[in-house]
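Engineer: I'd like to ask some things about the structure below.
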Amino acid sequence: MANSSMRRAPSGTAGLGILLLCATGARVWALDAPAPEPAPATGAQASAGLPGGSAQAAGSDSGEAPTPDSTEQGHTELTDSFDHRPLAAILHESRLVGLRDTTFDVQLRSFYLDRDNFDTSQSEAWTVGGSAGFKTGYFGQFAAVGATVFTSQRLYGPLDKDGTQLLETGQKPYTAIGELYGQFRLTDEIVATAGIHELDTPFINTHDSLMTPNTFQLYAVQGAAGSTDEMSLRFGAGYVEKIQPRNSDDFQSMATAAGAPSGVDRGVYVAGANFKADALSIGAIDYYCADIINIFYSETKYSIPIVDRLSLRFGAQYTDQHSVGGDLLTGKHFSTDQYGLKFEVALGPALLTSARTITAIGTLTHSDSGTDIRSPWGGYPGYTAVQIEDFYRAGEDATLLRAAYNFPRVTGLSVYGLWVKGSTPHVANQYAETEYDLNLKWVAPSPTLKALTLLARYGHVSEGGPSDQHENEARLAVYYQLR
């Protein structure tokens, strides 16, 4: 791997110029939604990670809206961790040839975020940028290459209102080569990737809910075995060496990102699989970072159809975390876990969700304090993790109620609101919290503007401490898919 400083790209107008000249490749373990036609999906096409997507599509020729899903923007569930496009689409992509079938992708974004923090400070910025990249077809029916440039440029951002993560620390704009990789077709359904690339799994993921995603230096294999319309086994394994955080143009070791002391350089070994048979989905994934942390995550889903477009959905998840080896992360041994349950009623264009998570107090040797769950390499997959808070503090139990609705297709509108109540954690000077979120999305229904998406999000957190603190956050975003 080249040194990250060699990949630093210029910011400012030069960075925007690079963005418009380049183009994005398909992700490793990406959220590639099933396409109606067997065409290759590229990273930028899925990279917005917008909430309120379809989990149960209505007829494409009707005006009926699809049933929403409850995956929070920027989060990755286990069922979305392995490339789950239809086999026809995978086979189509495997037939692409060299430069002749090079695909280009350009997505523009503009984002405004304003947050009043618990400590009475304010974070505010308005940015413009996005991503641009390309991916070739396969040379010799074996190897393809791709690259992506990301940029975020400041339109507004007072220096005394830092902290939005739309820009680098100090409200500095950035431009970075976020992807530069080779992809190798081992079989029609098994692909290896090496280089700088996106990755989407529950604990190592793009966390793509702001201007640009996390990307990683990695070596990975993903694939499928015995896939049919009714049954499939998806799997992946690899080694993740470094992470480029979503508001940075530099890479750092996975151990450093996890909070290890300066000079500790470790990567993460990851392996997992997901099995789906009709309405049942079950899977597990493990992350091992030597001398730092081991994370195990499993998730099971089951759906019961009742009548046309009415179904009941059940989900269960479990997370276990503990230190390993030399305990270099904290200097002491620690361990903790979290259980989560989710129940949903899907009725046509509406989805009602209730969820509960229970976080253990955990243990930290030679300390009376508990241990929070850690999610240092992306968005946390917990059922009660939402826009502002993750509700995974030591000893914290949380309950979520959520309602989502997709208006008729002709409107392009979808909306959801939620409430989460977290109990007082086993952490000194921390208190019970309640969060309310409201999200509105509009996808242009007009054929001439169908690449345009507008998103408005608002979150409010109140804390039950002696000073009755509050946090408010407003987000406004525009996504436009150029090609």
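The values are calculated or read from the model by the stated rules, or taken from the named source; none is laboratory data. Model, not experiment: these values are computed from the prediction. Note that each Cβ is placed from the backbone with ideal geometry, even for glycine, and that neighbours are counted across all protein chains shown. Just the protein is used for accessible areas: all its heavy atoms, side chains included, with ligands, DNA and RNA removed. Shrake-Rupley method; radii C 1.70, N 1.55, O 1.52, S 1.80 Å.
Engineer: Ignoring ligands, DNA and RNA, please state the percent of accessible area on the stretch 184-233 from carbon and sulfur, probe 1.4 Å.
Structural biologist: 61
Engineer: Related question: What is the packing order of peptides 65-77, 247-259, taking the mean over residues of other C-beta atoms within 10 Å and listing the highest first?
Structural biologist: Numbers: 65-77: 23.2, 247-259: 19.9.
Listed from highest to lowest mean packing, they are 65-77, 247-259.
Engineer: How big is the equivalent ellipsoid of the stretch 347-429 along its three axes, where each semi-axis is √(5λ) from the Cα gyration tensor, reported in whole Å from largest to smallest?
Structural biologist: On the way: eigenvalues 231, 31, 16 Å².
Output for the stretch 347-429: semi-axes of 34, 12, 9 Å.
Engineer: State the extension gain, in nm to one decimal, for the chain segment bounded by residue 233 and residue 438, taking 0.36 nm per residue of separation less the distance between their alpha-carbons.
Structural biologist: On the way: separation 205, 0.36 × 205 = 73.80 nm, distance 3.58 nm.
Net length gain for the segment: 70.2 nm.
Engineer: Relative contact order for the stretch 122-259 using alpha-carbon pairs under 8 Å, separation at least 6, rounded to a whole percent? If you can, show how the numbers build up before the last one.
Structural biologist: Values: 325 pairs, mean separation 26.6, N = 138.
Computed over the stretch 122-259, the figure is 19 percent.
Engineer: Can I ask one more? When every alpha-carbon pair in the stretch 144-238 is counted, what percent end up more than 19 Å apart?
Structural biologist: Working: 2471 of 4465 pairs.
Of all Cα-Cα distances in the stretch 144-238, 55 percent exceed 19 Å.
Engineer: Now a separate question. Looking at the P(r) of the stretch 213-365, how many percent of alpha-carbon pairs lie beyond 24 Å?
Structural biologist: The share of Cα pairs beyond 24 Å in the stretch 213-365 comes to 50 percent.
Engineer: Report the convex hull volume per residue for the stretch 76-201, counting only C-alpha atoms, in Å³.
Structural biologist: Numbers: hull volume 16.5 nm³, N = 126.
Spelled out: Cα convex hull of the stretch 76-201, divided by residues, is 131 Å³.
Engineer: A follow-up question, please. How long are the three semi-axes of the equivalent ellipsoid for the stretch 433-483, computed from the Cα gyration tensor as the root of 5 times each eigenvalue, in whole Å, largest first? Can you show the working numbers first?
Structural biologist: Values: eigenvalues 250, 15, 6 Å².
Working from the Cα gyration tensor, I get semi-axes of 35, 9, 5 Å.
Engineer: With the cut-off at 32 Å, tell me which of the pairs 172/421; 135/301; 242/332; 135/172 have Cα atoms farther apart than that. Write out the running numbers ahead of the final one.
Structural biologist: Details: 172/421 35 Å; 135/301 34 Å; 242/332 24 Å; 135/172 29 Å.
Pairs exceeding 32 Å: 172/421; 135/301.
Engineer: So what is Rg over Rh here for the stretch 343-483, counting just Cα atoms and using Kirkwood for Rh? Write out the running numbers ahead of the final one.
Structural biologist: Values: Rg = 18.4 Å, Rh = 17.2 Å.
Expressed as Rg/Rh, it is 1.07.
Engineer: Could I ask something else about it? Check residue 372: other-chain or 5+ apart residues with amide H under 5 Å from its amide H, H built from backbone geometry?
Structural biologist: 394
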